[in-house]
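Read the structure below first, then the notes.
The values are calculated or read from the model by the stated rules, or taken from the named source; none is laboratory data. Here the structure is a predicted model, which is why all the values come from computation and not from measurement. Cβ placement follows ideal geometry from the backbone for every residue including glycine, while neighbour counts extend to all protein chains displayed.
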């Protein structure tokens, strides 16, 4: 697959995901709640989680309608975590995707409720009435998503993140934190896409390894960009980790070693795909490249 | 069924639910998160939602193991909503179930994360690996719970609640708010229990009506107790609604009319059960009585 083919594919996926979000995130939820939810999730972000779901589904020739729901659900979980993470009691941030954060625009109470409702909506989207998605797949997708979002995944990682402010972590502890905080949902996105098909045990394990490598690579690069880029490029406040005295791959390994580590993780992702036995994993390979080469 | 039989049954259910919560709410989630989650959900509350699930399951001779999971999941959603609702940006309350609220004890950031992780955990509990719960039932339970917790249910009701501070609502608007804020999850609890069996269309509709009536009755009585009871009896701050200038059934209807309305709703719940065609709905009938007759 050429980069050009990939870009065309990705553009189409993003259009589909955005249209689905517009359709499924309610404009008419009461008392401003729908507006705050839509503000928090529409028109922004790289949609990396959605692309991972859809590329993994393609790689296993899976159920596209189910994968689109999983893509939207993973973006809803990601978006809700940003809404809560930006609040004054957490990171206290005012800028996200180049716009005022949800609590700045709608107040803290509605921001918290919007995040809560976005999490619930993710599971609503995964469990449509009728036969749009086979019930066994609905249950599997809910199981994967819930575990990646909860105490063993994202929320657990954020709790470690909170507790690590001003602390010195070694690389193993840092890796554990990042695998939960960011990696778990990225890996689950790959696995949700895979679950939309019927991959054999070898392909499933390979996609799990791929997802773990890409998930960690994403966070290593995030740590690098936090010190090397301006807020304007990132669309969020740069230099935040150092300012908040949070341990990062840059503070623990140094900038050059962090860069090398990101490249190693990309190579691990590629190696996992090579071992998967899947014929059509080119999009996943290119997504791993994009994660490491991105500048915002 | 005598009241004495009911009390023995209820005691056993509460033991089972508490044991399941102890087993499933992780003690070892990282960085204090598990401790905050357990503090927020263990050793407290009437467990009305759990009892509704289990009584409805009994009434349809349903799958007890699945119903226990649904009972725990509904209590997790309820408990997370209290943790978030008590935070300074919402109701700013310091007392819950006679103890300091979660954010008072663990800080706001960990309280928000604990609530978030409790919501995810509810869906983890509903989607166990293996064949403990049939996958079609897992999907159905997730669908019911997500819709009752989200924008169309609890979170939507709380958004209306926020927006109605200082506002005058008529009874229809107040009913809409309460049906979402409290009623949706109580009704879903009944329906989750019912989904654990194979009720016919008539029984399903009757249980849905029963759940709606009990759900609303619960909130009418809550509004009454808020003005007639002391904080010590309630285990939470009394007089809060008036202090916060929130419309309630008492402020809209007056105390006596609110009491009459609660009795009417109990009668509606009983009538729904009578129309259900179910032979063994006595526990549900007694639960409706308890909801209306409670003093805390």
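Report those helices (runs of 4 or more DSSP H) wholly inside the stretch B:212-296 carrying at least 2 residues which are out of contact with any strand residue (DSSP E or B) (no Cβ under 7 Å at 6 or more places or on another chain), without any contact (Cβ under 8 Å) to a residue 24 or more places away in the chain and surrounded by fewer than 18 Cβ atoms within 10 Å (Cβ to Cβ).
By residue number, B:240-243, B:255-274, B:282-293.
Checking the structure you have, find out if any residue of the stretch B:123-138 is within 20 Å of residue A:33 (Cα to Cα), in a loop (DSSP other than H, G, I, E, B) and either under 16 Å from the mean Cα position of the chain (by Cα) or within 8 Å of another protein chain (Cβ to nearest Cβ) (or both).
No - not one qualifying residue is present in the stretch B:123-138.
Of the numbered conditions (1) away from every other protein chain (no Cβ under 14 Å); (2) in contact (Cβ under 8 Å) with a residue 40 or more places away in the chain, residue B:12 satisfies every one except a single condition; which is it?
The one condition residue B:12 does not meet is (2).
Quick one: which of A:114, A:70 is in contact with a helix residue (DSSP H, G or I) (Cβ under 8 Å, 6 or more places away or on another chain), under 19 Å from residue A:186 (Cβ atoms) and touching a residue at least 24 places away in the same chain (Cβ under 8 Å)?
Answer to the selection: A:70.
One line per residue, one yes/no per condition, for (1) within 19 Å of the chain's Cα centre (by Cα); (2) surrounded by fewer than 23 Cβ atoms within 10 Å (Cβ to Cβ); (3) within 18 Å of residue B:145 (Cα to Cα); (4) at pLDDT below 95:
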site: B:37; (1), (2), (3), (4): yes, no, no, no
site: B:40; (1), (2), (3), (4): yes, no, no, no
site: B:45; (1), (2), (3), (4): yes, yes, no, yes
site: B:52; (1), (2), (3), (4): yes, no, yes, no
site: B:55; (1), (2), (3), (4): yes, no, yes, no
site: B:79; (1), (2), (3), (4): yes, no, yes, no
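Tell me, yes or no, whether the stretch A:27-44 has at least one residue that is over 25 Å from residue B:157 (Cβ atoms) and touching a helix residue (DSSP H, G or I) at 6+ places or on another chain (Cβ under 8 Å).
If we filter the stretch A:27-44 for residues that are over 25 Å from residue B:157 (Cβ atoms), which is where we start, we get A:43-44.
Those still in the list that are touching a helix residue (DSSP H, G or I) at 6+ places or on another chain (Cβ under 8 Å) too: A:43.
Among the residues of the stretch A:27-44, at least one is over 25 Å from residue B:157 (Cβ atoms) and touching a helix residue (DSSP H, G or I) at 6+ places or on another chain (Cβ under 8 Å), which makes the answer yes.
Here is a list of conditions, (1) farther than 19 Å from residue B:294 by Cα; (2) assigned to a helix (DSSP H, G or I); (3) more than 16 Å from the chain's Cα centre (by Cα), and residue B:208 meets all of them except one; can you say which number that is?
(3)
State all residues of the stretch A:97-122 that are more than 7 Å from chain B (Cβ to nearest Cβ), surrounded by fewer than 24 Cβ atoms within 10 Å (Cβ to Cβ) and outside any loop (DSSP other than H, G, I, E, B); if no residue qualifies, say none.
Result: A:99, A:100, A:104, A:105, A:106.
Within the bounds of the stretch B:173-188, is there any residue that is within 14 Å of chain A (Cβ to nearest Cβ), part of a helix (DSSP H, G or I), at pLDDT below 95 and farther than 20 Å from residue B:78 by Cα?
Yes: one or more hits.
Which condition number in (1) more than 8 Å from every other protein chain (Cβ to nearest Cβ); (2) closer than 20 Å to residue B:25 by Cβ; (3) surrounded by fewer than 24 Cβ atoms within 10 Å (Cβ to Cβ); (4) more than 16 Å from the chain's Cα centre (by Cα) is the one that residue B:85 fails?
Every listed condition holds for residue B:85 apart from (4).
For residue B:146, which of the numbered conditions (1) part of a helix (DSSP H, G or I); (2) surrounded by fewer than 24 Cβ atoms within 10 Å (Cβ to Cβ); (3) without any contact (Cβ under 8 Å) to a residue 24 or more places away in the chain; (4) within 13 Å of another protein chain (Cβ to nearest Cβ) fails to hold?
Going through (1) part of a helix (DSSP H, G or I); (2) surrounded by fewer than 24 Cβ atoms within 10 Å (Cβ to Cβ); (3) without any contact (Cβ under 8 Å) to a residue 24 or more places away in the chain; (4) within 13 Å of another protein chain (Cβ to nearest Cβ) one by one, residue B:146 breaks only (2).
Confirm whether residue B:169 is touching a residue at least 12 places away in the same chain (Cβ under 8 Å) and assigned to a helix (DSSP H, G or I). Give the derivation first.
On the way: touching a residue at least 12 places away in the same chain (Cβ under 8 Å): yes; assigned to a helix (DSSP H, G or I): no.
Considered against the rule, which asks whether it is touching a residue at least 12 places away in the same chain (Cβ under 8 Å) and assigned to a helix (DSSP H, G or I), residue B:169 comes out as no.
Return the residue satisfying two criteria in turn: it lies in the stretch A:149-166 and is part of a helix (DSSP H, G or I) and more than 7 Å from chain B (Cβ to nearest Cβ), and of such residues it is surrounded by the fewest Cβ atoms within 10 Å (Cβ to Cβ).
Looking only at the stretch A:149-166, we keep the residues that are part of a helix (DSSP H, G or I), and these are A:149, A:154-163.
Checking which are more than 7 Å from chain B (Cβ to nearest Cβ) leaves us with A:154, A:157, A:161.
Values: A:154: 29, A:157: 27, A:161: 25.
Among those residues, the one meeting the criterion is A:161.
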